[in-house]
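Student: Would you mind keeping the following structure in view while I ask a few things?
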Amino acid sequence: MDLFQDKSQQGFRVNEPDAFDYHQPLATRMRPNSLEEFVGQEHLVGEGKMLRRMIESGVIGSLIFYGPPSSGKTTLAHVISKEIKAAFEVINAVLDGIKELRTVVEKAEKLRKLNGRKTILFVDEIHRWNKAQQDALLPHLESGIITLVGATTENPFYSLVNPLLSRCQLFELKPLLKGDVEHMIQRALKDEEKGLGNKEIKVNQDAIDHFADYAGGDVRNALNALEVAVLSSKPDEGGVIHIHLDIAKESIQRRTVRYDRTGDEHYHYISAFIKSVRGSDPDGALYWMNAMLEGGDDPNFLFRRMFILASEDIGLAEPNAITIVNSCHEAFMKCGMPEGMFFLSHAALYLAMCPKSNSTLGIFKASSEIKEKGVGNVPPYLKDKTANKLSARYQDIENASKDYKYPHSHPGNWVDQQYLPDSLKNISFYEAGAEGREGLLKKRLDSIKGKNKSEE
């Protein structure tokens, strides 16, 4: 007799056949229970792939799955526990902490002593745990009491502590493809036990395409929409439920955008936006800006990035760029959305089409010089005139500021004069760009320098 057959008394989630409940959503009922049922992530669980070999051998160490939402991290962890016949415990890092971890560890210890069964602990959103909470896992991983499967939507190298990373193997899950979602829709329509196969349903291919396309790789979203479409449609005289494109459009009206304002995608999208503007590609700028807006990002964040870009990547090539962005931002704050889209577009398109210059980066060259070598002495003739006169009066020295050459007294309002300390007189921090307004300014400077030198 299996001591753990009565789950209600023992309190363990062992992987016996799951109780089936038709009141559960279709997406929950259709959750895969084996590798054969699992769809997607062929680079991990395809024939001959490393993770599949590990599962089939039954030798599973602690794992970290990272990837976008709805890519199958939880489902894959569940499948692994089924395949290796392990107890499966779940902790949500947002809601649970060390107290819940201790409870799981106590159960796992009892389970291992009684029948040698392994326990897989699935920690969802593990990046939400702080350092102390992550460290609390370490002794239990070392002892083998639990096998950890952590799931995160963020880059684990930034969000997880090094001791935990060193004890886990990392596997990146990719967004599910449209074909993967279509496969699950077809399976749900045919499955008579868990799916909709016990009903007479005819779904047009264009409706299936719509479900799969608008789900954005989220199988749960697609299956829930399919179920809504089926349950809200009346059978015809022959008892057949017809799902055509219009019904599909009503059941899933908004395309799912894979985006997390606090995750890696946020940084990937803003990077793509900035690089599109810097690369003078208006189409790329509009596309990535809208991707962020659709994902719920703050328009003010986009304006802030455009302010920076106006000086960093355009600068003196078009000095009005920062003024244009500022005006668009003020207009946006006065009007709000949806009219504010015009001002976002106005600013982004203008910046993308502007001539480019990164000469403002010269400030960092000067900063680096000062940090490494300190500040040199101010040439005497550049010192404050009043201070120089006082010094000359009380110290009986010559007033050096009298040697200062006043540019406005010379042709072109320029005169050849050293403005850097003697130790830096041959160095150049500013490298003038040749584009746009800066190109004209550079020509002007080169012209007056050359003219004055020739006259001297």
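Quick grid of which residues meet (1) of a type in the set (A, V, I, L, M); (2) surrounded by fewer than 18 Cβ atoms within 10 Å (Cβ to Cβ); (3) modelled with pLDDT of 95 or more; (4) touching a Gly at 6+ places or on another chain (Cβ under 7 Å):
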residue: 264; (1), (2), (3), (4): no, yes, no, no
residue: 290; (1), (2), (3), (4): no, yes, no, no
residue: 300; (1), (2), (3), (4): no, yes, no, no
residue: 317; (1), (2), (3), (4): yes, no, no, yes
residue: 333; (1), (2), (3), (4): yes, yes, no, no
residue: 341; (1), (2), (3), (4): yes, yes, no, no
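Student: Let me ask something else. May I ask you to list the residues in the range 127-150 that are within 19 Å of residue 87 (Cα to Cα) and either assigned to a loop (DSSP other than H, G, I, E, B) or over 23 Å from the mean Cα position of the chain (by Cα) (or both)?
Tutor: 137, 140, 141, 142, 143, 144, 145, 146, 147, 148, listed by residue number.
Student: A further question follows. In this structure, is residue 146 in contact with a His (Cβ under 7 Å, 6 or more places away or on another chain) and closer than 23 Å to residue 31 by Cβ?
Tutor: yes
Student: Follow-up. If you scan the range 315-345, which residues turn out to be closer than 17 Å to residue 279 by Cβ and in a helix (DSSP H, G or I)?
Tutor: Answer for the range 315-345, where residues must be closer than 17 Å to residue 279 by Cβ and in a helix (DSSP H, G or I): 315, 317, 321.
Student: Could you check residue 196 against (1) surrounded by 19 or more Cβ atoms within 10 Å (Cβ to Cβ); (2) at pLDDT 90 or above and say which number it fails?
Tutor: (2)
Student: Another one. Going by the structure shown, is residue 312 among the acidic types (Asp, Glu), in a helix (DSSP H, G or I) and surrounded by 18 or more Cβ atoms within 10 Å (Cβ to Cβ)?
Tutor: no
Student: Of everything in the range 363-377 that's assigned to a loop (DSSP other than H, G, I, E, B) and closer than 17 Å to residue 429 by Cβ, which residue is nearest to the chain's Cα centre (by Cα)?
Tutor: This residue is 374.
Student: Does residue 286 meet the test of being assigned to a helix (DSSP H, G or I), touching a residue at least 24 places away in the same chain (Cβ under 8 Å) and crowded, with 19+ Cβ neighbours inside 10 Å?
Tutor: So residue 286 fails the test.
Student: On to the next question. Could you pull out every one of the strands (runs of 3 or more DSSP E) wholly within the range 44-126 that has 1 or more residues that are under 25 Å from residue 177 (Cα atoms) and in contact (Cβ under 8 Å) with a residue 24 or more places away in the chain?
Tutor: Because the criterion is at least 1 residues that are under 25 Å from residue 177 (Cα atoms) and in contact (Cβ under 8 Å) with a residue 24 or more places away in the chain, the strands (runs of 3 or more DSSP E) in the range 44-126 that meet it are 63-66, 119-124.
Student: Quick check: is even one residue across the range 346-358 of a type in the set (S, T, N, Q), in contact (Cβ under 8 Å) with a residue 12 or more places away in the chain, under 24 Å from residue 276 (Cα atoms) and surrounded by 17 or more Cβ atoms within 10 Å (Cβ to Cβ)?
Tutor: Scanning the range 346-358 turns up at least one residue that is of a type in the set (S, T, N, Q), in contact (Cβ under 8 Å) with a residue 12 or more places away in the chain, under 24 Å from residue 276 (Cα atoms) and surrounded by 17 or more Cβ atoms within 10 Å (Cβ to Cβ).
Student: A further question on this structure: Got at least one residue in the range 206-222 being exposed (fewer than 15 other Cβ atoms within 10 Å of the Cβ) and not charged (D, E, K, R)?
Tutor: No; the residues of the range 206-222 include none that is exposed (fewer than 15 other Cβ atoms within 10 Å of the Cβ) and not charged (D, E, K, R).
The values are calculated or read from the model by the stated rules, or taken from the named source; none is laboratory data. Since this is a predicted model, take the numbers as computed values, not measurements. Counting neighbours? That spans all protein chains shown, and the Cβs are built from the backbone with ideal geometry, glycine included.
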